[in-house]
Amino acid sequence: MPIAIASTYSRVHVINDMYYKGTARSTDILRADFDGCWPPADLNIGTPPDAEVIFETHNQPFSDSAAHVSNQERDFVIHLNRMASLSTIFRRHSRVRADSISHENIHVLQKQMIHQGLTDVFGRFLRHGVKGMVKRKAPKTAQYYCAEDEIQVRLHLLVSSYFRDHRKIPLNQHELWSLLHHEGVRLHERCVESLYQSPQGLKALGKFFREKRPWFVRAGVSDLNQALANIDPQQREKFCRIAFPALYGSLLELYGDREGSRRMGYGHNIILTDLFFRQAWRIGHHLDNNREHLTAEPLAKIKDIIAAMPEEQKQDMTQIVIAGRYIHPLSGHPLTLPPATVALLTPCLPPLSAQCVDITKKFQSGGQPSDFQLE
């Protein structure tokens with residue numbers, strides 16, 4: 001029996017067994033998606049996602065939705081539609097059900113970020129500007145596939161499926177493009193040219209090459225191609241060159257990878273940075289309202305966030321706090337820290353090393369990553 005078939009069979013059983021238990025940890029679902037390997041090869045997992053996921057089943061015969069995570073819930077509940085497929089009715093171990101749980105688990109991880117306060121201009125789902133790239137008269141179904149959180153889910157489905165077959169996961173932007181290209185995603189021609197005309201691209205082509213594409217187009221591929229078809233032609237290069245790597249980098253960070261965004265050309269782990277400034281904002285808010293006694297909780301969380309950062313990021317964060325100003329690497333929006341907040345944050349951070357460099361030199365115009373895109 002081919003490895004790919006055997007591993008998929010095992011994954012389906014494992015995830016369905018979680019379903020019948022009624023609950024699972026989000027990390028356990030990810031482990032099953034990556035065929036029992038956690039973390040996936042070469043990822044640097046700091047704090048793994050550990051949400052407790054609850055499964056609830058409903059019978060909705062006239063709905064085309066197999067599953068969903070309600071935006072109204074505080075708990076992480078995946079609702080599964082038993083009537084979405086005959087296999088979920090008559091087979092204990094349904095691949096449709098397993099795929100739906102894998103899909104919705106990524107939405108759970110995204111929602112977990114929202115619960116931690118990332119809903120402002122440093123939030124998750126509109127920051128990459130994809131909404132502004134969509135054709136003005138695109139149908140609603142296309143707008144769904146172009147949503148940043150949905151694109152991120154499809155990237156997870158493709159990457160985890162490829163890993164189950166080949167035990168490899170993209171670790172830079174060229175490797176991501178190579179995987180997408182060989183799986184049949186219609187990347188912009190300049191991204192494809194970069195694969196075939198640069199040393200990094202040629203290396204990535206060799207690492208993520210498929211001699212033959214699967215007989216059936218994977219659902220993630222068709223969904224991403226539908227999204228691409230509804231991106232404004234003038235924006236498709238930017239979408240493939242910037243949005244795909246940025247969304248994939250943040251997906252790795254949802255897994256708990258310390259280096260997710262950095263692998264895609266950004267300075268550091270953006271989720272950890274956003275969480276840091278979310279707690280810094282809370283401290284400033286309490287100080288402005290004469291509630292100094294309430295700063296202990298966000299300060300404790302900041303210490304945990306700092307502990308999860310790679311060493312170089314800790315040093316850069318110390319420089320940022322001392323300077324009192326930060327430019328977000330995605331939006332380019334500035335954030336200023338008042339002196340009273342800086343005074344409380346500084347003792348939580350490591351002292352600057354003698355080798356540190358001027359942090360302002362690391363930021364690019366408009367908050368974009370360094371010019372990794374086309375060489």
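The values are calculated or read from the model by the stated rules, or taken from the named source; none is laboratory data. This is a predicted model, so every value here is computed, not measured. Methodologically, a virtual Cβ is constructed for each residue, glycine included, from the backbone with ideal geometry; neighbour enumeration extends over all protein chains shown. Accessible surface areas use protein heavy atoms only, side chains included; no ligands, DNA or RNA. Shrake-Rupley method; radii C 1.70, N 1.55, O 1.52, S 1.80 Å.
Taking the numbered list (1) outside any helix (DSSP H, G or I); (2) open to solvent by 30 Å² or more (accessible area, probe 1.4 Å); (3) within 30 Å of Q313 (Cβ to Cβ); (4) of a type outside the set (F, W, Y) in turn, R282 passes all entries but (1).
So for region 209-222 (the condition being in a loop (DSSP other than H, G, I, E, B) and touching a residue at least 60 places away in the same chain (Cβ under 8 Å)), does at least one residue qualify? Yes; the residues of region 209-222 include at least one that is in a loop (DSSP other than H, G, I, E, B) and touching a residue at least 60 places away in the same chain (Cβ under 8 Å). Just one of (1) free of Cβ contacts under 8 Å to residues at least 60 places away in the same chain; (2) out of contact with any Phe, Trp or Tyr (no Cβ under 8 Å at 6 or more places or on another chain); (3) surrounded by fewer than 21 Cβ atoms within 10 Å (Cβ to Cβ) fails for H181. It is (3). Hey, does region 41-50 have a residue that's touching a strand residue (DSSP E or B) at 6+ places or on another chain (Cβ under 8 Å) and modelled with pLDDT of 95 or more? Within region 41-50, not a single residue is touching a strand residue (DSSP E or B) at 6+ places or on another chain (Cβ under 8 Å) and modelled with pLDDT of 95 or more. With respect to (1) assigned to a helix (DSSP H, G or I); (2) farther than 30 Å from L30 by Cβ; (3) among the small types (G, A, S), the lone exception for A307 is condition (2).
Among S87, S160, S178, S100, which is at pLDDT below 80, among the hydroxyl-bearing types (S, T, Y) and either within 21 Å of R11 (Cα to Cα) or not in a loop (DSSP other than H, G, I, E, B) (or both)?
Exactly one residue qualifies, and that residue is S87.
Scoring I169 on the criteria (1) within 27 Å of Q235 (Cβ to Cβ); (2) at pLDDT 95 or above leaves a single failure, condition (1). Name the single residue that is surrounded by the fewest Cβ atoms within 10 Å (Cβ to Cβ) among those in region 113-142 being at pLDDT 85 or above and in a helix (DSSP H, G or I). So, considering only residues that are at pLDDT 85 or above and in a helix (DSSP H, G or I), the one surrounded by the fewest Cβ atoms within 10 Å (Cβ to Cβ) is G132. Number of residues in region 197-242 that are surrounded by fewer than 20 Cβ atoms within 10 Å (Cβ to Cβ) and at pLDDT below 90: the value is 11.
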